[in-house]
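Asker: My structure is below; once you've seen it, I'll send some questions.
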Amino acid sequence: MAAITATVTTEAGRRLRDMLQVLEKRAPYLRPNLIPKSCKPFMDLAAMCSTEAQRQAVQRVLAQQRRKAGGAAGEEGGKEEVEGGQRLAIQVHVSVDSGACNIFAVKYLSEVEADLYCVETILNMHSRGDNDELRLRLEHFLSVNGHDSGDIADAQEIYSLAYAIIICLSAAPFKVTVGSQGLQLPLDSTVDAGAVIEMLFEHGKPCEYASIMPKTSDMKQRKMKKNKK
């Protein structure tokens, strides 16, 4: 990986790369989001939009996906579990090479799992002394990632590492992109925001190299195919 910007020294870039590699190895399946401070405003899906029509389209897709997720949860866990704290979780990938924070997936999860994607939530639980709630989450985190679920100290080390990486990333400017095409945010007014969000629910792969200008051709083709059905 290259250094984020010219203001970041080569040595700092190497250290950051090493930290990222360690995090990837220790949390290979469920990994906390690494969101630079400058990118946080765009973690609200409505903030991705440039127009009211786009925001309304996003809300319609979210409502549809929530109903789908609720139906799937209902088949497994019953009505009380469906209504008990389903949360929208955004997944991001930070590319040091392109200087982009890419939102590549969104999904509705249980409250426990959704919390694990947010470093601040876990650290705040620790600072408040919410030990039972914190242990429940960290045990799940350890189990999903193939660790001993009783080794809470190991999970705390991983989240401390993630926080340290976020501090390092926040020292440099990042652009925020969305989807596998790397559309820059806020979305251009010509982009079908609903189609963008639908693709995020399909769990696409992160965009390593974000485009400079939004690409609308694939969005239009997707919309045409949808209308033909």
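None of the figures in this text is laboratory data; all of them are computed from the coordinates on show. Values in this document were obtained by computation on a predicted structure and should not be read as measured data. Glycine gets a Cβ as well: all are built from the backbone with ideal geometry, and neighbour counts include every protein chain shown.
Asker: With a Cα-only, solvent-free Debye model of segment 7-46, what are the log10 I(q)/I(0) values at q = 0.16, 0.21, 0.28 Å⁻¹?
Answerer: Here log10 of I(q) over I(0) equals -0.59, -0.83, -0.93.
Asker: Also, I was wondering about something else. Between L123 and H203, how many nm apart are label points set 7 Å from Cα along the C-beta direction?
Answerer: 2.8
Asker: If you don't mind, there's one more thing I want to ask. Could you state, as a whole-number percent, how many of the C-alpha pairs of segment 26-180 are farther apart than 27 Å?
Answerer: Values: 3615 of 11935 pairs.
Distances greater than 27 Å cover 30 percent of the Cα pairs.
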